[in-house]
Amino acid sequence: MEKTMMNKTPFVRLIVAAMLGVGTSIAPLVLLGFGLSTFIVIRIVGQEHATAAFATATGISGIAVVIFGLFSGVIADKTKLKMGRRRFWMIAGSVGGALSMLALTFASSIPVFVITLCLTNFFYGMVSLSCYAVVPEQVEPEKFGRVSGLIGASAPAFVMTGQMIMGAFAKSTLEEKMITIIIVQLIGGFIAALLIKDNYFAGAAKSEKKSTGIRGFYPSFKKYPSYTWALLTKLLINFSNAGMNMLTLFYIARFHLAEAKIFQIMALTAPTIALMVASGILGGFLSDKVKKQKPFVMGAAVITGICLIAFAFSTSITWVIIGNFIFNFGFGMYGAVDNALVNRILPSKENAAKDISIMNTTTNLASTLVNFAAPALIALGVKLFGGDGYTLFFLVLAVFSILSAVVVLPIPEMDSKSEVKNDIGEAV
């Protein structure tokens, strides 16, 4: 049995802390991908060699992020400090991320760029992971939906705010932009840590002996089958979402759009971020209200699948734009309610960060695999269907969405009699 010093954060304080921590730690990583890291590479190698250097560097860092994602949760869970492991990593991750971002800003070679980019992802990932982990530890299961919706909204909200700040400081130097991001995150991370009341698992050291090694790293399917089904549904839907990164090339291949027109469409579809946020909050609150999660997760997955089928056979850019809005509505609702479902079926509060981090690796893993397979899949589509090859590509993604809905079926619903106790035998 776990022996814990239980401290429970007041609900509103916990929500504010988690939103601050998640939003300010994820936004820097997204903003780096939106162009800041590209300009650092250009400064290092010059514009002529930037494409190859950037592709290689981000490919290596992408693999590292997947590996870090698998083990960062173990590190977080095994950190035993009186101040609390979650609070420690909110602070340590913010400081480590700030130093890494600063080193990245002034990187003078590609190896230094890769190392500092990996460290930035690791430390800021520890901040967001710690904020996610406090939810199953301190929040009642009947509130998981609304909490997941609100926390899920924080990342895109901070990303949009970051983009606005970058626009306001458009004439500033790259170094000034990066330092501004560092300062904002430090403030957000420290405030989050101050607001949280953390739990110290005093008896965790004894249980660690039972869970060391590869066999103890991943929750047993025999004991916790719902965890594996939840992992599969998240991986499958992330395959579908990763394919949306190919939309720019799809616009060029099928509709022969020029660069200016594509940027106009991007501006036109920018509100999909707000729609995704709204649908996530709506889905989270509704799932708590009706005490059902599976219909929302399955319905949202089916919606994304239908949109992808529409993309496959679309002959009008208008329908693609409409489909983009509907897809993001479905994906936003899926993300919020599925995260609530995951929090409910986690095998143990003691190892919450480890189990959540394994779940979170599905995003980067799916993105890496889809980017690798896309050229071959599109080429096969040209042979089978002719044209641009994207018909087969989007149909395969649609199948992943439908399968994502199917594998939710074995997971017990939140009001099922079988859920009177959770997987570790504690009353919920």
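The values are calculated or read from the model by the stated rules, or taken from the named source; none is laboratory data. All figures in this text were calculated on a predicted structure; none of them were measured in a lab. As a convention, Cβ positions derive from the backbone with ideal geometry for all residues, glycine included, and neighbour counts pool all protein chains shown.
In segment 93-101, the condition of being under 21 Å from the mean Cα position of the chain (by Cα) and at positive phi is met by no residue.
Every condition in (1) in a helix (DSSP H, G or I); (2) over 26 Å from ALA57 (Cα atoms) is met by ASP198 except one, and the failing one is (1). Of the helices (runs of 4 or more DSSP H) contained entirely in segment 22-138, those carrying at least 3 residues that are without any contact (Cβ under 8 Å) to a residue 60 or more places away in the chain and either among the β-branched types (Val, Ile, Thr) or touching a strand residue (DSSP E or B) at 6+ places or on another chain (Cβ under 8 Å) (or both) fall at 47-77, 110-138. The combined condition, being surrounded by 15 or more Cβ atoms within 10 Å (Cβ to Cβ) and in the same structural domain as PHE313 (by TED's automatic domain parsing), is fulfilled by ALA274. Among the candidates THR161, THR180, THR116, which residue alone is of a type outside the set (Lys, Arg), outside the structural domain of ASP288 (by TED's automatic domain parsing), surrounded by fewer than 24 Cβ atoms within 10 Å (Cβ to Cβ) and at pLDDT below 90? When all the criteria are applied, what remains is THR161. For segment 407-425, taking the residues that are part of a helix (DSSP H, G or I) and exposed (fewer than 15 other Cβ atoms within 10 Å of the Cβ), the one that is modelled with the highest pLDDT is identified as LYS417.
Scan segment 327-351 residue by residue and report those that are under 16 Å from ARG85 (Cα atoms) and buried (at least 24 other Cβ atoms within 10 Å of the Cβ). ASN351, the sole residue that qualifies. With respect to the conditions (1) of a type outside the set (A, V, I, L, M); (2) surrounded by 24 or more Cβ atoms within 10 Å (Cβ to Cβ); (3) within 27 Å of ASP198 (Cα to Cα), LYS143 lacks only one, and its number is (2). Kindly indicate the residue of segment 239-258 that is without any contact (Cβ under 8 Å) to a residue 40 or more places away in the chain and touching a helix residue (DSSP H, G or I) at 6+ places or on another chain (Cβ under 9 Å) and also farthest from GLY381 (Cα to Cα) among those meeting that condition. Residue satisfying both the conditions and the ranking: ALA258.
The test for being of a type outside the set (A, V, I, L, M), assigned by TED's automatic domain parsing to the domain that holds LEU14, under 23 Å from GLY189 (Cβ atoms) and at pLDDT below 95 holds for LYS78. The conditions of being under 30 Å from PRO136 (Cα atoms), in the same structural domain as GLU140 (by TED's automatic domain parsing), in contact with a Ser or Thr (Cβ under 7 Å, 6 or more places away or on another chain) and surrounded by fewer than 19 Cβ atoms within 10 Å (Cβ to Cβ) are not met by VAL16.
Listed conditions (1) more than 30 Å from ALA267 (Cα to Cα); (2) modelled with pLDDT of 90 or more; (3) not assigned by TED's automatic domain parsing to the domain that holds PRO412 are all met by ILE151, apart from (1). Candidates SER172, SER128: the one that is buried (at least 16 other Cβ atoms within 10 Å of the Cβ) and not assigned by TED's automatic domain parsing to the domain that holds LEU346 is SER128. Filtered by the rule that a residue be within 21 Å of SER367 (Cβ to Cβ) and touching a residue at least 40 places away in the same chain (Cβ under 8 Å), segment 259-276 gives THR269, THR272, ILE273, MET276.
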